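Novice: This is the structure I have questions about; it appears just below.
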Amino acid sequence: MEHATTFLGIAQEKALHLFAFDFGRYAIAASLIAGLVWMLKRTPWRARQIQKRTAKASDFRREFFASARTVLVYVVVSIVVIWAIRHGYMHEMQGSYGLAGNIGMIAAIIVAHDAYFYWSHRAMHHPRLFKQFHRFHHRTVTPTAWAAYSFALPEAFVMALFMPVWLYLVPTPGIVVFIFLIVMILRNCMGHAGLELHARGWASHPVLKWISTTTHHDLHHAGSFNHNFGFYFTFWDKMMGTEHPDYVAVFDRVTGTKPAPKTLVAEIA
């Protein structure tokens, strides 16, 4: 069976499948994390809610429909990627590097995506770019899992560009791309959960502190726009001096390790 090679033909062949995959990935991950948060709030873990404010129904609606719009952008970019692969401009997503090689490739793509996210996210906070690119996402002050893809169109395109760049540079098996996309959306939804999901002591642990927590990103949404730009990890923020100076104290307060200063509690109320 011959595959379409024009943009229109590929769109007719793949658009619905691509939308179902990307939107399904978002909907399943957001539902799982939102459901987990809903259950945990009916246990003593309800004390781990990071902000006193609770998201409203209007917040959920805005985040959900904006995320659906973002998926449409991802579909358009995916069609371009398929076109480029079929015309030999990008590597085929086939084959395997073996178990160890595939695991190493997953680790590499996550590290690369974290760097891409940190620097593109930080750039979108520049005064000349913020209004057009990133202000819409910051309409979410109290994050929920549904905010994972709540982007304005320009930001959605920026977020979508990572995969074409990666696939152009690195031959990557389809299974690696699939696993990466699942890990990425789950981590995204966890970062916006609004309830701290990581273990007590995580933010100050010698090893675990390099992996970001829900509190890490929540502080960014709560008004600290010049801090905590990272996604999976904290090392770019630590290295570049952009980590919130009270991050560990807030995390410890949220997880019940020790109380935070009253002034700090007021800042994130």
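The values are calculated or read from the model by the stated rules, or taken from the named source; none is laboratory data. Because the structure is a prediction, the values reported are computed rather than measured. Quick reminder, even Gly has a Cβ in these numbers, built from the backbone with ideal geometry, and neighbours come from all protein chains shown. With ligands, DNA and RNA removed, areas are computed over all heavy atoms of the protein, side chains included. Shrake-Rupley method; radii C 1.70, N 1.55, O 1.52, S 1.80 Å.
Novice: Whether any residue in segment 138-156 is outside any helix (DSSP H, G or I) and more than 28 Å from G35 (Cβ to Cβ) is what I want to check.
Specialist: No, segment 138-156 contains no residue that is outside any helix (DSSP H, G or I) and more than 28 Å from G35 (Cβ to Cβ).
Novice: Exactly one condition in (1) under 17 Å from the mean Cα position of the chain (by Cα); (2) surrounded by fewer than 21 Cβ atoms within 10 Å (Cβ to Cβ); (3) in contact (Cβ under 8 Å) with a residue 40 or more places away in the chain is not met by Y168; state its number.
Specialist: (1)
Novice: Is there any pair linking a residue in segment 205-221 that is at pLDDT below 95 to one that is among the charged types (D, E, K, R), with Cβ under 9 Å and at least six apart or on different chains, and which?
Specialist: Listed by first residue and then by second, the contacts come to nothing, as the list is empty.
Novice: Output the residues belonging to segment 96-110 that are more than 13 Å from W166 (Cα to Cα), surrounded by 13 or more Cβ atoms within 10 Å (Cβ to Cβ) and in contact (Cβ under 8 Å) with a residue 40 or more places away in the chain.
Specialist: Hits for segment 96-110 are Y97, N102.
Novice: Then there's this: Do you know which residues across segment 120-148 are of a type in the set (A, V, I, L, M, F, W, C) and touching a Phe, Trp or Tyr at 6+ places or on another chain (Cβ under 8 Å)?
Specialist: M124, F136, W146, A148
Novice: Report, by residue number, each residue of segment 187-202 that is under 8 Å from the mean Cα position of the chain (by Cα) and open to solvent by 40 Å² or more (accessible area, probe 1.4 Å).
Specialist: Going residue by residue through segment 187-202, those that are under 8 Å from the mean Cα position of the chain (by Cα) are 187-189, 191.
Once the filter is applied, which keeps residues that are under 8 Å from the mean Cα position of the chain (by Cα) and open to solvent by 40 Å² or more (accessible area, probe 1.4 Å), segment 187-202 yields only R187.
Novice: Now for a different question. What number of residues within segment 117-137 are within 12 Å of H220 (Cβ to Cβ) and not in a helix (DSSP H, G or I)?
Specialist: Residues flagged as within 12 Å of H220 (Cβ to Cβ) and not in a helix (DSSP H, G or I) within segment 117-137 amount to 2.
Novice: Still on this structure: Run I82 past the list (1) farther than 25 Å from T214 by Cα; (2) open to solvent by 70 Å² or more (accessible area, probe 1.4 Å) and report the number of the one that doesn't hold.
Specialist: (2)
Novice: How many of the residues making up segment 1-59 are surrounded by fewer than 17 Cβ atoms within 10 Å (Cβ to Cβ), of a type in the set (G, A, S) and under 16 Å from L195 (Cα atoms)?
Specialist: 3
Novice: Now, a different point. Could you run through segment 240-259 and say how many residues are buried (at least 19 other Cβ atoms within 10 Å of the Cβ) and at pLDDT below 60?
Specialist: 0
Novice: In addition: Quickly run through segment 16-64 and pick out the residues that are touching a Phe, Trp or Tyr at 6+ places or on another chain (Cβ under 7 Å) and farther than 18 Å from H137 by Cα.
Specialist: Selection gives D22, A34.
Novice: Test of understanding: among F229, F225, which residue is in contact (Cβ under 8 Å) with a residue 60 or more places away in the chain, open to solvent by 20 Å² or more (accessible area, probe 1.4 Å), of a type in the set (A, V, I, L, M, F, W, C) and part of a loop (DSSP other than H, G, I, E, B)?
Specialist: The match here is F225.
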